[in-house]
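Report on the structure given below.
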Amino acid sequence: MRSRRTARKTVIYVVTGIAALLYILPIYLIVLTSLKSRENAFQTPPTFFTVPTFEAYIQFFQRTDVLHMLGNSLIVALGSTALAFVLGVPAAYGLARFQGRMRDGVGLSFLASRFIPPIAVVVPYFLGLRLIGGLDTQWGLVLVYLGMNLPYVVWMMRGFFLDLPVEIEEAALVDGCTRFGTMVRIVLPIAKGGLAATAVLTLMFAWNEFLFALLLTSSRAATLPLSISAFLGESGTEWNVMAAAGTLIMLPAIVFSVFVQKHMARGLTFGAVK
Amino acid sequence: MTTLGSAAGIDSTPAAGRTPRSGRRHRPGGSWWPYFTPALIVVLAVNGGPVIYALVLSFRDYNLARPQQDGWIGFGNYVELLMNPAVQRSFGTTLFFVVVSVSLSLVFGMILALLVNEIGWGKKIFRTLFFMPMLLAPAVIGVMWRFLLNDQAGPIAWLLKQIIPGISPLSDPTLALWSVTLVDVWSWTPFVFLVLLAGLESQPQEPLEAAQVDGANAWQTFLHVTLPGLVPLISIAVLFRVTWSFRAFDHIYTMTQGGPGNATEVLALTVYRNAFQNLDVSLASALSILMFAIMLVFAISVLRAQSKREKR
C-alpha cells in the first residue's frame, strides 16, 4: 500500500516535471537565442545550449529609438495606471457601498466596456484622435489605455471592497472621520493586496498592448512592443536581436509571475474567482 | 473559498437581483454619486462614445480614400458583409480558431490543474512555471513563435522535422492555422489552469472521501464528484477564453499576418485589413459592431445561465 502510494507520487512528479519542461521550452529557447551570436542563431541544426554573448542586446540598444520606445512604454503604462486608479478606486468604493436604484445600471456600464473587442473601437479612436491632434502622442495612448484600464480597476476593486466588513467604516464615521478620510485611512490599507494585484495587471495590459500602439502611433509615441514589428520582414531577420527584444519586453511579466501570484486568478477573471 | 460572482458581482445583473434594496439607506457622509460619477463620465466618453461612433459609421459609406463620397446607406454594409466570401471565410476561420483553442486549453488546463493539485512539495514552483506564459505580450509571443517555427533556423520546426520530415508549420495553410491556434492554446492554458486549480484547492474533502469509501476509482470520482463541483468555474473560464480568443489579433498579426494567403485571417484581422488597407472604415465598422454584438449576446447568455444555476 505504502509503496504503491510512493510509486503514484513519483509518476505524478515525473509527468508534471516533463510537462513543465515542455511548457517552458519556448521561453527558454528565446532567452537562449538572445544570448547567441548572429551566426550561431542561424545555425542548422540549432544548438540547445550556448556560450552566452550580449552581442544581440548591445545591437538592440544601439538602435537609436529603443530607449525612446522604452520611455514611451513606461510613461504610457504608468500614466494610464495612475489615472485609472485615481478615478477608479473612489468609483469602486462608491459602487461597493452605494445602495441606490441606479446601482446595477452604473455597475453594468463598467462591466460591458470589458466586452468591447479592441479592434471594434480602433477606427473611432483613430478618427477621433486625428481630429483632436492626438495621433502618435503619449497622451492619446494614455487616454485609450485609460478606457481599457479604468473599467477594470472599478470592477476589480469593487469586488475587494465588497468583501470588507462595513462595521469598521461605520465606526470610523461615528468617530467623526469623513467618508473620504475613512476610505483613505481605513479601507485602502486593508485592501492593499487587492490594489497591488490590480496595479500589476493594469501595468501589464498597457505594457503589452500592441494593436492600439500599432495603429495609433508611428514614431514619436511608439511603445516597446512595436520594436519587434521591425523583425517581421521575410528573410534575413536577425533572430538573436529579435529574441533580445522579446526577452526584454517579457522580463517584467516573468518577474511578476514569479512574485505576484496571490489574487492573480481573481484578477484575471475580473473578480469572478476568488 | 471559491465562490462565484456573488460578492465580486459578476452575477449582479438586474436578473440576478440578489441584494434586497430596502429603499435608500441613510448613512452619515452624504451622497455616493461624487465617488463614481467622474469615472462613469470618462468610461462613457472613452468607451461608449467610440462604440456609438462605430455604429454610426457602419450605416454610412465612408472610405478614407474618397471621404467626400460619404452618405447614409442603411444596412448596406451589413448586407455586403454577409455576401462577401472573404468575410464568410474569416467567420469560419474564427470559429475554428475559437472552438479548438478554447476546448484544448480547457482539457490541458484541467489536466495540469489535477496534476499540480496532487503535488505537495514544490507545488509553488510548478504553479509558477505553468503560469508564466500568461502575462507575456501576445505580440511578442507571435514573433517568438514565428522564429521557433520558421523553416530555416527555427528550433521547434527543426525538432518537428526530426519526427515528420518536410513539415513546414507556417508555410502550409492548414498547418499555419493549426499553428496560430496551438500558440493561442499555449498562451491561455495557464489561465484555465490557474482558475481550475483554485477550484480544486477549495473543494470540500468529504464527498471525495465518501466516494473512495464507496469504492469509486479515480476516474469515477473525477467524473461524478470533482467535475460537477467545477462547473461554475469552467463556465466562467469558457466565458473569458471565448472573449479573448474571439478578439485575437496581436499574435496572429506578428506570426503570419493572416497568411499564407488568408489561411489565418480571423475577424479582427479582417477588420484591420478593411479599415487600414482598403480604407473602407464603414465596412470595417459594421464588422466590428457585429463582433461586439456576438460577444455581448454570448456573455449575457453565459452569465444568465450562471445566475440561474446559482439560484437552484
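What follows is calculated from the coordinates using simple rules that are stated; it is not laboratory data. Because the structure is a prediction, the values reported are computed rather than measured. Quick reminder, even Gly has a Cβ in these numbers, built from the backbone with ideal geometry, and neighbours come from all protein chains shown.
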Review point. Which whole-Hz ³J(HN,Hα) couplings does the stretch B:248-256 yield from phi under the Karplus relation 6.51 cos²θ - 1.76 cosθ + 1.60, θ = phi - 60°, glycine and proline marked x?
Key: 3, 9, 3, 6, 6, 4, 7, 8, 10
Exercise for review: Scan around B:Arg60 for amide H atoms under 5 Å from its own, H built in the peptide plane at 1.01 Å from N, and keep only partners 5 or more places away or cross-chain.
Suggested key: B:Ile73
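Working out 0.36 nm times the residue gap between A:Glu167 and A:Arg220, then minus their Cα-Cα distance, what length gain in nm do you get to one decimal? Walk me through the numbers on the way to the answer.
On the way: separation 53, 0.36 × 53 = 19.08 nm, distance 5.09 nm.
Roughly 14.0 nm would be gained on extension.
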Exercise for review: Please give the net charge around B:Gly142, taking every other residue with its beta carbon less than 11 angstrom from that of B:Gly142, where Lys and Arg add +1 and Asp and Glu add -1.
Suggested key: -1
**Study point:** Percent of Cα-Cα distances greater than 30 Å, calculated over the protein assembly as shown
**Key:** 55
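Tell me the chymotrypsin sites (Phe, Trp or Tyr not before Pro) within the stretch B:81-120 that lie in a loop according to DSSP and have at most 14 other beta-carbon atoms within 10 Å.
Numbers: sites: B:Phe91, B:Phe96, B:Phe97, B:Phe108; in loops: none.
Here no loop site has a sparse enough neighbourhood.
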Review point. Using modelled backbone amide H atoms (1.01 Å from N, in-plane), which distant-in-sequence or interchain residues come within less than 5 Å of B:Gly259's amide H?
Key: B:Thr264
Review point. Listed highest first by mean packing, meaning other Cβ atoms within 10 Å per residue, what order do B:202-208, A:240-246, A:219-225, B:50-56 come in?
Key: A:240-246, A:219-225, B:50-56, B:202-208
Review point. Once label points are set 7 Å from the Cα along Cα→Cβ at both B:Asp70 and A:Thr44, what is their separation, rounded to one decimal in nm?
Key: 5.2
Study note, to complete from the structure: Partner shielding of B:244-250, as the mean number of partner chain Cβ atoms within 10 Å, equals 4
Exercise for review: Work out the mean other chain Cβ neighbour count within 10 Å for the residues of A:249-257 and drop it here as an integer.
Suggested key: 5
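Take the Cβ-Cβ distance between A:Arg5 and B:Gln203 as r, set R0 to 22 Å, and report the resulting FRET efficiency rounded to the nearest 0.05.
Numbers: r = 21 Å, r/R0 = 0.94.
Here the calculated transfer efficiency is 0.60.
Tell me, what is the percent relative contact order of chain A, built from C-alpha pairs under 8 Å that lie six or more residues apart? Before the final figure, lay out the partial values.
Details: 260 pairs, mean separation 81.2, N = 274.
Computed over chain A, the figure is 30 percent.
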Review point. Can you list the chymotrypsin sites (Phe, Trp or Tyr not before Pro) in the stretch A:40-94 that are in a DSSP coil and have 12 or fewer other beta carbons within 10 angstrom?
Key: A:Phe48, A:Phe49, A:Phe54
Study note, to complete from the structure: Expressed in angstrom and rounded, the centroid-to-centroid distance over alpha carbons for the stretch B:87-127 and the stretch B:129-150 is 15
Exercise for review: Equivalent ellipsoid semi-axes for chain B, as square roots of 5 times the alpha carbon gyration tensor eigenvalues: give them largest first, rounded to whole Å.
Suggested key: 37, 33, 17
Check your understanding: Among the lysines, which have Cα under 17 Å from the Cα of A:Lys192 when same-chain residues fewer than 8 positions away are ignored?
Key -> A:Lys262, A:Lys274
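Over 25 Å between Cα atoms, which of A:Lys36/B:Lys124; A:Lys36/B:Lys161; B:Lys123/B:Lys161 qualify? Display every interim value, and only then the final one.
Details: A:Lys36/B:Lys124 31 Å; A:Lys36/B:Lys161 22 Å; B:Lys123/B:Lys161 34 Å.
As for pairs spanning more than 25 Å Cα to Cα, those are A:Lys36/B:Lys124; B:Lys123/B:Lys161.
Counting only other chains, and only Cβ atoms inside 10 Å, what mean value do you get across the residues of A:153-162? Could you put the intermediate results ahead of the total?
Numbers: counts 1, 4, 3, 1, 0, 5, 6, 2, 1, 5.
What the average comes to for A:153-162 is 3.
Highest mean first, how do B:261-272, B:288-299 rank when packing is the count of other Cβ atoms within 10 Å averaged over residues?
Answer by packing, highest mean first, reads B:261-272, B:288-299.
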Revision key, fill the gap. Taking alpha-carbon centroids only, the stretch B:265-309 lies from the stretch A:1-40 a number of Å equal to 38
**Study point:** Computed [θ] at 222 nm, helices only, for chain A once each DSSP H run of length n ≥ 4 contributes -39500 (n - 2.57)
**Key:** -22500 deg cm²/dmol
Check your understanding: Among all helices in chain B defined by DSSP H, which have a length of 18 Å or more along the axis from Cα atoms plus a Kyte-Doolittle mean of at least -0.5?
Key -> B:85-118, B:173-201, B:227-246, B:281-311
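Just from its helices, what would the mean residue ellipticity at 222 nm be for chain B, if runs of 4 or more DSSP H residues each count -39500 (n - 2.57) and the sum is divided by every residue, rounded to the nearest 500 deg cm²/dmol? Present the calculation step by step, with values, prior to reporting the outcome.
On the way: 14 runs with 197 residues, N = 312.
Dividing the helical sum by the residues of chain B leaves -20500 deg cm²/dmol.
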Check your understanding: So, in nm, how far is label B:Gln162 from label B:Leu95 when the simple model puts each one 7 Å beyond its Cα toward the Cβ?
Key -> 4.0
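Can you work out the FRET efficiency for the pair B:Asp214 and A:Leu25, with r the C-beta to C-beta distance and R0 = 51 Å, to the nearest 0.05?
On the way: r = 42 Å, r/R0 = 0.82.
Approximately 0.75, to the nearest 0.05.
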**Study point:** FRET efficiency, 1/(1 + (r/R0)^6) with R0 51 Å, evaluated for B:Val231 and A:Val184 via beta carbons
**Key:** 0.80
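Quick check on packing: order A:204-213, B:302-311, B:70-79, A:4-13 by the mean number of other C-beta atoms within 10 Å, highest mean leading.
Numbers: A:204-213: 23.6, B:302-311: 15.6, B:70-79: 13.7, A:4-13: 11.8.
Per-residue mean Cβ counts within 10 Å order the peptides as A:204-213, B:302-311, B:70-79, A:4-13.
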Point to revise | Simple spin-label estimate for A:Val258 and B:Ser103 in nanometres, 7 Å along Cα-Cβ | key: 3.8
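Counting Lys +1, Arg +1, Asp -1, Glu -1, what net charge surrounds B:Leu269 among other residues with beta carbon under 14 Å of its beta carbon? Display every interim value, and only then the final one.
Values: positive: B:Arg89, B:Arg247, B:Arg273; negative: B:Asp184, B:Asp250, B:Glu265.
Once all neighbours under 14 Å are counted, the net charge is 0.
Under a Cβ-only charge scheme (Lys and Arg +1, Asp and Glu -1), can you give me the dipole magnitude of the stretch A:65-268 about the Cα centre, in debye to the nearest 20? The partial results should precede the final answer.
Working: 12 positive and 11 negative charges, 91 e Å.
It works out to roughly 440 debye.
Taking only C-alpha pairs under 8 Å that are 6+ residues apart, what is the relative contact order of the stretch B:86-311 in percent? Could the numbers behind the result be given before it?
Values: 228 pairs, mean separation 64.7, N = 226.
Reported relative contact order: 29 percent.
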Review point. Taking each full run of DSSP H in chain A as one helix, which ones are at least 15 Å long along their axis (Cα atoms) and have mean Kyte-Doolittle hydropathy of at least 1.6?
Key: A:118-131, A:239-259
